[in-house]
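Right, one structure below, let's go through it.
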Amino acid sequence: MSAWARAALATVNELPGVHRAGLALPEGGGRRLRFTASEGANHERVEWCYIDAYDDVPLTTAVRTGTPVCGALDQLDARYADFVERQRGTATVAVAAVPLVAASRTIGGIVLFFDQKQEFGTLQRLELTRVGEDWGAKLRRAQRAGARPATDTSEERPRPGSSTAVHDMAADPVAVSESRKFLRRTLEGWGIDDETTDTAVLCLSELVTNALIHARTGCAVRAVLEQSTVRITVRDGGSPEAASTAPLDDPLQVHGRGLRLVDSLVTRWGSERDSVGTTVWFVLET
């Protein structure tokens, strides 16, 4: 991830008029953004900090809405008065915040600070959008680098030194809350940080809800801590015709949107069906 961030910042800093750039990636179920700027990156490491995803600044707006925010400081002042005030006295005269997009999903954002006047016409906006798509695709590849094939699922036997916890969930909506509590207790007991725990619990909630609605059965939740990864699996007992993985290509499918959320937050995920049910798994780096 650091190599990707360094390369992205170095490239966008070469765009005409850019004197500073920043990157933001969702953390903790999207409530926070992990942020770094060009001055915080060097050849050896990248220094990250956390910002509130709902801070009233152009970058968070671009990440939340998936829409670029561009303008001179005077144009942005009415909407982002505090942000603009912080730029007064610096070299910045204009700002562009662009979503990082992969497979039509926003997975982060780039903010560019210009020390030269910008028109932000149609062609420039299109070019900035392409920058976000290009580096979003590269980010997704970086996140999935070294991923095991999708057929390598939670059913594999844990390796020596790993920790495993299992929870059986009844076919009852009330049981969704119990599964979340189980996972949170388990991850906290393993010393997993709050951000990763929040993300895992949010993703688990989507998967067990899908199992209840689509498979109409209870399910088994399995958590495995292995070296620097946590792997969570939901195994239902439904038939292949009542699979708990709704298609991702239907923008109006409620539970498809849930899987879009999972896809945007985890390092990798996959699903397998057989004659007695569906297994869905995801992996998070710790």
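The values are calculated or read from the model by the stated rules, or taken from the named source; none is laboratory data. Model, not experiment: these values are computed from the prediction. Ideal geometry is used to build each Cβ from the backbone, glycine not excepted, and the neighbour counts take in all protein chains shown. All accessible areas refer to the heavy atoms of the entire protein, side chains included, with ligands and DNA or RNA removed. Shrake-Rupley method; radii C 1.70, N 1.55, O 1.52, S 1.80 Å.
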(message) List the helices (runs of 4 or more DSSP H) inside region 172-286, counting only whole elements, that have at least 1 residues being open to solvent by 10 Å² or more (accessible area, probe 1.4 Å) and modelled with pLDDT of 90 or more.
(response) 174-189, 194-210
(message) When you check Ala142 against the structure, is it of a type outside the set (Ser, Thr, Tyr), at pLDDT below 90, part of a helix (DSSP H, G or I) and within 19 Å of the chain's Cα centre (by Cα), yes or no?
(response) yes
(message) Can you list residue pairs whose Cβ atoms sit under 8 Å apart, with the first residue in region 186-213 being over 25 Å from Gln227 (Cβ atoms) and among the charged types (D, E, K, R) and the second being modelled with pLDDT under 95 and part of a helix (DSSP H, G or I)? Count only pairs 6 or more apart in sequence or on different chains.
(response) Glu206/His255; Glu206/Gly258; Glu206/Leu259; Glu206/Leu261; Glu206/Val262
(message) Quick check on Ala78: is it under 30 Å from Arg184 (Cα atoms), hydrophobic (A, V, I, L, M, F, W, C) and either touching a helix residue (DSSP H, G or I) at 6+ places or on another chain (Cβ under 9 Å) or open to solvent by 70 Å² or more (accessible area, probe 1.4 Å) (or both)?
(response) no
(request) Keeping to region 66-75, report how many residues are touching a residue at least 40 places away in the same chain (Cβ under 8 Å) and either among the hydrophobic types (A, V, I, L, M, F, W, C) or open to solvent by 70 Å² or more (accessible area, probe 1.4 Å) (or both). (result) 2
(request) Would you check if Arg64 is out of contact with any Gly (no Cβ under 7 Å at 6 or more places or on another chain), modelled with pLDDT under 85, closer than 20 Å to Arg130 by Cα and basic (Lys, Arg)? (result) no
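Of the residues Ala81, Ala96, which is over 27 Å from Ala10 (Cβ atoms), modelled with pLDDT of 90 or more and hydrophobic (A, V, I, L, M, F, W, C)?
Only one candidate passes the filter, namely Ala81.
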(message) Taking the criterion of being without any contact (Cβ under 8 Å) to a residue 60 or more places away in the chain, open to solvent by less than 30 Å² (accessible area, probe 1.4 Å) and over 15 Å from Val18 (Cα atoms), would at least one residue in region 102-118 satisfy it?
(response) yes
(request) Determine, yes or no, whether Gln87 is open to solvent by 70 Å² or more (accessible area, probe 1.4 Å) and either over 15 Å from the mean Cα position of the chain (by Cα) or modelled with pLDDT of 90 or more (or both). (result) no
